[in-house]
Amino acid sequence: MIQHDSHFIDGHWQISHGIDRLEVVNAASEEVMATIPVGDARDANAAVSAARTAFEAWSATPPAERAGYLKRAAEALQLRQTEIATLISQEVGMPFAYSNVVQAGLPVQSFVSIAEMALSYPFEEEVYNSLVVREPIGVVVAITPWNYPLHQIVAKVAPALTAGCTVVLKPSEVAPLNAYVLAEVFAEIGLPPGVFNLVTGTGASVGETLVAHPDVDMVSLTGSTVAGRRIGAVAAQTIKRIALELGGKSPLIVLDDADLVEAVTAGLNGCFLNSGQTCIALTRMIVPRSRLAEVEAIVKAGTESLIVGDPFDPSTVLGPLVSATQRDRVVEYIEKGVAEGARLLTGGPTAPEGLGRGFYVRPTVFSDVTPDMTIVREEIFGPVLVLQAYDGEDEAVRLANDTIFGLNAAVYSESQDRAVAVARRIRAGQVQINDGAFNIHAPFGGYGQSGNGREFGKWGIDEFLETKSMQLP
Ligand code: NAD
């Protein structure tokens, strides 16, 4: 049992002023695996004050020096990769082999990628008689979710530090243990005090205090659209910049010339990774009506072959959901799908056989859905896929764009040119073409109510900068 009592503020572990503690629960065993402190306004104020004090010196360091800290953080994180993957598999429920690559491996690569980007980033340019300089925006509050917890933290912290900002991190209260490891790493590599601060607790308490704080210049959130709306409203009181990475209901369009087995298999992976608890999950498979029966057969067989179970069993493909709350929410959506008249192709609301303990949900697929159904419109954040049938490419594009979100999409076709032409018509921040792989050097973010910022690559650094022009004689 891990017991944390402190926040990491001004380069030290400081005992929480808030006396409440939150329990972190193991998703597979349902046992309490750790407790963390719920910070209060005094903790939030101390962290902001430390970040403000550290800003002047940190923002003046050369980018290459800042990049050096990031590279050392990557090395130190890599040494703890197995420990991080284990913690996140316990907290979130993702199978260990995937956790090791995605949850613990990607953050290392992201630190390295952003550090390299820092060396070539154009912090200054001349435009006619002006010198245009990009300067760090100041103190950044980073608020992050539980589903890919360390990946989402690094997506903010690495570019913010590179830009010359100082950071106060408020990680998810559901999967916070990896954030303590990151703070330990920053302490170990000698990052100057106050440049990175960690305060834990709930969104409503310490999170909102940080968002409202007048000495904070920017808030970067990855989380639900509900939290994004609230944080946007609170931050607007002091005209802070906000960057929002929110939810999705992402489509995969299978064009009529696609290899069905290839497209559907990729679609199932894209939907069910991390038991569907993925913001870019491809949760709507849009297929030619003339080939619906074939698709249904492949989807049913593919879904029923997925092994659901203990995250530490090497044969497991889907682990449990993160929490009882999330499990109950997903089960309610499945029940609603049935109640609204969708046809259950496979799965359902009952727990998978033999898995009485742990927050498990059966991978579930609906067909015969209509565009107004709740399961077609809302982000479920669980292993639930809907099949939508179309007649003609225009209808496929219309169905894909018929959503308030616009985070991710995929298009499958024999012809890459045809797939790209369709991708250009989709209103989303990312589109995967056939088996095109996730790229941490490319911009990541959403259209519509999926958010308003971009992370990764040089676009991720842009977010944390102000622009000043000096007119020269
Ligand atoms: P959440 O919105 O419940 O919480 C996210 C974070 O916001 C947590 O740290 C929480 O404590 C904090 N928070 C909540 N309300 C707050 C408030 N009023 N003030 C300050 N902080 C507040 O989301 P979650 O359940 O942790 O994560 C799942 C959601 O995140 C899904 O909707 C998913 O799509 C989204 N997500 C988006 C991306 C992306 O990059 N677009 C990536 C991963 C997850």
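The values are calculated or read from the model by the stated rules, or taken from the named source; none is laboratory data. Everything numeric here is computed off the predicted structure, so don't read it as measured data. Cβ sites come from the backbone with ideal geometry, for glycine too, and all protein chains shown count toward neighbours.
Quick notes on this one:
- The selection criterion, being surrounded by fewer than 23 Cβ atoms within 10 Å (Cβ to Cβ) and farther than 29 Å from residue 154 by Cα, does not hold for residue 412.
- Residue match in the range 163-183 (condition: within 16 Å of the ligand (Cβ to nearest atom), β-branched (Val, Ile, Thr) and buried (at least 24 other Cβ atoms within 10 Å of the Cβ)): yes
- A single entry from 132, 108, 141 fulfils the requirement of being under 15 Å from residue 74 (Cα atoms) and not assigned by TED's automatic domain parsing to the domain that holds residue 275: 108.
- Test for residue 401: is it within 16 Å of the ligand (Cβ to nearest atom) and among the polar types (S, T, N, Q): no
- A single entry from 160, 233 fulfils the requirement of being touching a strand residue (DSSP E or B) at 6+ places or on another chain (Cβ under 8 Å), part of a helix (DSSP H, G or I) and of a type in the set (A, V, I, L, M, F, W, C): 160.
- Some residue of the range 251-268 being within 10 Å of the ligand (Cβ to nearest atom) and within 28 Å of residue 337 (Cβ to Cβ): no
- Evaluation of residue 167 against the conditions (1) in a strand (DSSP E or B); (2) at pLDDT below 95; (3) not polar (S, T, N, Q) shows that the sole unmet condition is (2).
- Qualifying residue in the range 235-242 (condition: surrounded by 24 or more Cβ atoms within 10 Å (Cβ to Cβ) and away from the ligand (no atom under 16 Å from the Cβ)): no
- Of all the criteria given as (1) crowded, with 19+ Cβ neighbours inside 10 Å; (2) farther than 30 Å from residue 294 by Cβ, the one not satisfied by residue 250 is (2).
- Residue within the range 185-197 that is in contact (Cβ under 8 Å) with a residue 24 or more places away in the chain, within 16 Å of the ligand (Cβ to nearest atom) and not in a strand (DSSP E or B) present: no
- Those residues of the range 396-409 which are aliphatic (A, V, I, L, M) and surrounded by 24 or more Cβ atoms within 10 Å (Cβ to Cβ), in sequence order: 396, 400, 407, 409
- Residue within the range 128-142 that is over 15 Å from residue 103 (Cα atoms), assigned to a loop (DSSP other than H, G, I, E, B) and either of a type in the set (S, T, N, Q) or within 14 Å of the ligand (Cβ to nearest atom) (or both) present: yes
- Residue pairs whose Cβ atoms lie under 8 Å apart, separated by 6 or more positions or on different chains, with the first residue in the range 64-89 and in contact (Cβ under 8 Å) with a residue 60 or more places away in the chain and outside any helix (DSSP H, G or I) and the second of a type outside the set (Phe, Trp, Tyr) and surrounded by fewer than 24 Cβ atoms within 10 Å (Cβ to Cβ), are 80/181; 80/185.
- Selection from the range 437-467 of residues that are more than 13 Å from the ligand (Cβ to nearest atom), buried (at least 16 other Cβ atoms within 10 Å of the Cβ) and of a type in the set (Gly, Ala, Ser): 457
- Taking each residue of the range 338-358 that is acidic (Asp, Glu) and surrounded by fewer than 18 Cβ atoms within 10 Å (Cβ to Cβ) and looking for partners that are modelled with pLDDT of 95 or more and part of a loop (DSSP other than H, G, I, E, B) with beta-carbon atoms closer than 8 Å, six or more apart or interchain, yields 340/373.
- If you go through the range 110-139 and keep only what is within 30 Å of residue 87 (Cα to Cα) and either surrounded by fewer than 16 Cβ atoms within 10 Å (Cβ to Cβ) or in contact with a strand residue (DSSP E or B) (Cβ under 8 Å, 6 or more places away or on another chain) (or both), you end up with 116, 139.
- Enumeration of residues in the range 205-225 that are assigned to a helix (DSSP H, G or I), within 6 Å of the ligand (Cβ to nearest atom) and closer than 23 Å to residue 248 by Cα: 207
- Count of residues meeting criterion [away from the ligand (no atom under 16 Å from the Cβ), in contact (Cβ under 8 Å) with a residue 24 or more places away in the chain and not in a loop (DSSP other than H, G, I, E, B)] in the range 276-311: 18
- Qualifying positions in the range 395-418 - more than 15 Å from residue 447 (Cα to Cα) and charged (D, E, K, R): 395, 398, 414, 417, 418
- Scanning the range 29-50 for residues that are of a type outside the set (Gly, Ala, Ser) and more than 26 Å from residue 91 (Cβ to Cβ) yields 42, 45, 48.
- Test for residue 64: is it under 28 Å from residue 201 (Cβ atoms) and aliphatic (A, V, I, L, M): no
- Subset of the range 23-44 [crowded, with 18+ Cβ neighbours inside 10 Å and more than 21 Å from residue 356 (Cβ to Cβ)]: 24, 34, 36, 37, 38, 39, 40, 43, 44
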